[in-house]
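Asks: A single structure is presented below for examination.
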């Protein structure tokens, strides 16, 4: 048993270390889809030259003038500064650390709760699997996930550590709009405590002060109260219909890869509630609000895990999920950890090997997936009008100075543009007319769009000029007088 105890104590730290290394590798050698850094860096350079924009500029072509709240402005500015001083690897290291914070916070919380070691191990494995799926990229939401995990820990303490919440909001409000979620948490916790205890004790007084401080901190961004309006407008925006991570979880519940884990956590929470040993009103606040956010959009699924894992698995796997005698051998736990971590390692290594990565001469620390590099090699002058069936691919062209119909900024673009995008991507009736109306002369098509790919080849005005390792096809419109050999 002593050997088992020592093995269980070191395994969580090994899991966190492995996860950090995998996050670092995925950030250094990103997939072609991970192109958030390009448009954020473009935004940072724009801010250095012209200040913070409040509407889309001419680079957005048909959407120029649309209201835009660039919530990530400070994050983008940091990336631009690092690029200017040839410190491209610094944001990668910082982001790898931030991506690992939710695991570290979960580990510390469960240790402080005197949780069973097997529960800690399974919690870290599950949380790492969920975050690893979609949240290891150079994007502000990864930093927000770290901040929210710290906020959950602070509000669960029910002591003076809750005064750290306004500081977290103050640091995050200029990086990501999820700071507003953290700002609201103390108010919800206050209401929960008042309902349960029906008195205004020192706990409720502290939560009231923290709630006011968090609200004031949330107004310190350049957008002030408009940031709240922006967050509310996302609920009625087009992105919920056209971007998978923004679709409600209930809509795709049957194919949500974490559905089983959600069911397991729910069972664990019911067990905890039945035995009345774990959840305080503040804890209930984090669980319910994170569940609401998870149902609101798939991108918030990790919040539910961060909020519920410490409670659901505090007593390890004694919730009749696995017979305890199975876990009485350290070799079994080691095998479980290896099997769980292996997909993380395989995916990171597979992406590194599959996609060729290279740098450009003046940016030795910024690694490009091959499709980015091909876009840079082919070159697209700023006068060209670019359309990409995978709109995030247009980040590379925006970064190069071209104008785009739709790119990774996504949320400020009007619904009319999204509707035109669906018409073209699906090859629906009138797609060619729609494309002509947009006056596009550079078209980037994923080969998965077989019908559109086939149809465009039959139109003599379009000519294939190159392709990337991600099976994209670059087509230039000949009547525009573009180069036959763009690489010259």
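Asks: When you scan the range 20-47, how many residues do you find that are assigned by TED's automatic domain parsing to the domain that holds residue 117 and modelled with pLDDT of 90 or more?
Replies: Summing the residues that are assigned by TED's automatic domain parsing to the domain that holds residue 117 and modelled with pLDDT of 90 or more in the range 20-47 gives 1.
Asks: Which is part of a loop (DSSP other than H, G, I, E, B), crowded, with 19+ Cβ neighbours inside 10 Å and outside the structural domain of residue 440 (by TED's automatic domain parsing), of 110, 95, 138?
Replies: The unique qualifying residue is 138.
Asks: Additional query: Only helices (runs of 4 or more DSSP H) wholly contained in the range 388-447 count here; list those with 3 or more residues that are touching a strand residue (DSSP E or B) at 6+ places or on another chain (Cβ under 7 Å) and buried (at least 21 other Cβ atoms within 10 Å of the Cβ).
Replies: Ranges flagged: 394-400.
Asks: Further question: Yes or no: residue 136 over 22 Å from residue 233 (Cα atoms), over 22 Å from the mean Cα position of the chain (by Cα) and touching a residue at least 12 places away in the same chain (Cβ under 8 Å)?
Replies: Taking the combined requirement at face value, the residue does not satisfy it.
Asks: Would you point out the residue of the range 185-211, among those that are without any contact (Cβ under 8 Å) to a residue 60 or more places away in the chain, under 27 Å from the mean Cα position of the chain (by Cα) and buried (at least 18 other Cβ atoms within 10 Å of the Cβ), that is farthest from residue 300 (Cα to Cα)?
Replies: 211
Asks: Right, next: Filter the range 13-35 down to the residues that are in contact with a helix residue (DSSP H, G or I) (Cβ under 6 Å, 6 or more places away or on another chain) and within 26 Å of residue 117 (Cβ to Cβ), then identify the one that is surrounded by the fewest Cβ atoms within 10 Å (Cβ to Cβ).
Replies: Top of the filtered list is 18.
Asks: Sticking with this one: Looking at the range 155-184, which of the residues that are part of a helix (DSSP H, G or I) and farther than 28 Å from residue 70 by Cβ is farthest from the chain's Cα centre (by Cα)?
Replies: 160
Asks: Residues 77, 62: which one is outside the structural domain of residue 147 (by TED's automatic domain parsing) and without any contact (Cβ under 8 Å) to a residue 40 or more places away in the chain?
Replies: Going through 77, 62 in turn, the sole match is 77.
The values are calculated or read from the model by the stated rules, or taken from the named source; none is laboratory data. All figures in this text were calculated on a predicted structure; none of them were measured in a lab. All Cβ positions, glycine included, derive from the backbone under ideal geometry; neighbour counts span all protein chains shown.
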